[in-house]
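First up is the structure itself, then whatever we jot down about it.
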Amino acid sequence: MSDGAAGSDFAELLRELKDRSGLSYGTLAKRLHMSTSTLHRYCNGDAVPADYAPVERLARLCKAGPEELVELHRRWVLADAQRGRKADAPEKRAAAAGPATEPGPEPEPEPEAATEPVRDPEPAPGPDTVRVPEAAAGPDAAGRRGRRIPRPALLAGITVVALLGAAALAVQLPSGGTDAKNTGTTAAGGTAAHRTPGNSTQPKAGSSTAPPSSSTSSTSSASTAPTAGSADGAAPDGSSRPADGGTATPPLTVDTRPYSWESPCSQHYLINRGPADVAPPPLETDATAWVTAHQAVSSGEQYVTLTVQGSGRQTVVLEGLTVRTAQRSSPLAWNDYAMGYPGVGCGGNVPTRSFTVALDAMRPSVVPEAGHRDFPFKVSGSDPEVFYITADASAYSVDWYLELSWSSGSRHGTLRIDDKGRPFRTSGDNGRPAYEFPLGGEAWRPASSPSAG
């Protein structure tokens, strides 16, 4: 098969699935979160999707069977390989020409190592000779490192310094004098402060020693200050942004209904049980208890309703809604159960504040339905907002949750929205055994087509 034939075969099968579904390009593009022109180019063979996920989602929407899904994937692989070879050609020519080299910065000359003058061997000190430390020898000590001063002269100098210090102390001290046990004479002519076992400098009462420096005081106070992240209102993540006004409670509430139905015909659940062990479809008001009892997982798509309301009089700005993927794996190999009754018409309007989430995408995002406005919104205690989130998956089983960013005056934060502390879970249902419950019937029966409804 030639490269051109691979692309045309792929597009031909896409057109066949699209025409058989009876859905328009606009309807399919809306559900696939892409433009109508892009979908039209895929079906005409003018372009090939870079990722297989939208292709499989398109096939699911068109009710493709397992054999058709396998064949569609095979044709997409061939068409994608053809597109890759065309894109690699100019890159290979550029690689053959060799990479352009740019002159790098000239290395800075390394500083010459400081050389210490060679000193003559020093004789062993005698009993009347003492080495003078360089710090006390004066600014020209470097040139006189080998000098020796006789011990008598050194002792005489120390005696003179001690006498001068004693005279200065006598002038500064009050008439009562000082405690001789806690005060000593230093070479600088001052008094040595009393040392406590904690190794901190504390002057004894009545002495003339100056108080500790400001640096010592700040160090001591910092060691006893409360740490950030405690009940002082600091941000728990360690960031510089202030926390929620010193409390972890945001000024809004969110009522989450993870098992709402846009319409019974669109709602399916995967259950790891045979049809004989599954109860009849519930009413939407009883869906949560039914899902919990059967440990069911939303199949194909999940319809989540959020009611957001302020908890006080102050207005709260809802800045955005972000999707977080906790885990992604292969679709669950369970049975698929439809909530709608066969032969009974289903219809539903698209309410305001409606958004969609394509969980198969590498970075799922909350996208407003066509004609609906996007964030931000405002809520208060008397003015709530209701949001409808339709999250669909076909190629994966996805654990996910939402994060709502809000602000109110100087306060701001992020609120996690999930299923009572657990992530939402939505799984693809392609090729899974499908069952439906006849209206007035007594048991589940195989559906007429995979994921019927």
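The values are calculated or read from the model by the stated rules, or taken from the named source; none is laboratory data. Since this is a predicted model, take the numbers as computed values, not measurements. FYI the Cβ positions are ideal-geometry reconstructions off the backbone, even for glycines, and counts take in every protein chain you see. Surface areas here come from the heavy atoms of the whole protein model, side chains and all, with no ligands, DNA or RNA. Shrake-Rupley method; radii C 1.70, N 1.55, O 1.52, S 1.80 Å.
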I'd like to check something: does the range 388-406 contain any residue that is over 23 Å from Tyr337 (Cβ atoms), β-branched (Val, Ile, Thr), open to solvent by less than 30 Å² (accessible area, probe 1.4 Å) and at pLDDT 95 or above? no
Quick one: count up the residues across the range 334-358 that are in a loop (DSSP other than H, G, I, E, B) and modelled with pLDDT under 95. 15
Take Ala79 and tell me if it is more than 33 Å from the chain's Cα centre (by Cα), open to solvent by less than 40 Å² (accessible area, probe 1.4 Å), under 30 Å from Ser397 (Cβ atoms) and at pLDDT 80 or above. yes
Sole residue being of a type in the set (Gly, Ala, Ser), modelled with pLDDT of 95 or more, open to solvent by less than 20 Å² (accessible area, probe 1.4 Å) and in contact with a Phe, Trp or Tyr (Cβ under 6 Å, 6 or more places away or on another chain), chosen from Ala287, Ala296: Ala296
Take the residues in the range 382-399 that are hydrophobic (A, V, I, L, M, F, W, C) and part of a loop (DSSP other than H, G, I, E, B); name whichever of them is farthest from Thr322 (Cα to Cα). Ala395
Regarding the range 258-276, can at least one residue be identified that is surrounded by 19 or more Cβ atoms within 10 Å (Cβ to Cβ), modelled with pLDDT of 75 or more and either within 25 Å of the chain's Cα centre (by Cα) or farther than 30 Å from Ala447 by Cα (or both)? yes
Which residue pairs have Cβ atoms under 8 Å apart, sit 6 or more places apart or on different chains, and have a first residue in the range 282-298 that is without any contact (Cβ under 8 Å) to a residue 60 or more places away in the chain and among the basic types (Lys, Arg) and a second that is loosely packed, with under 12 Cβ neighbours inside 10 Å and part of a loop (DSSP other than H, G, I, E, B)? none
It is to be established whether one or more residues within the range 42-62 are part of a helix (DSSP H, G or I), free of Cβ contacts under 8 Å to residues at least 24 places away in the same chain, among the acidic types (Asp, Glu) and under 25 Å from Ser299 (Cα atoms). no
Please list, ordered by first then second residue, the pairs with beta carbon atoms under 8 Å, 6 or more apart or interchain, first in the range 313-333 and farther than 14 Å from Ser408 by Cα, second assigned to a loop (DSSP other than H, G, I, E, B) and among the hydroxyl-bearing types (Ser, Thr, Tyr). Thr322/Ser365; Val323/Ser365; Arg328/Tyr396; Ser329/Tyr396; Ser330/Tyr396; Pro331/Ser394; Pro331/Tyr396
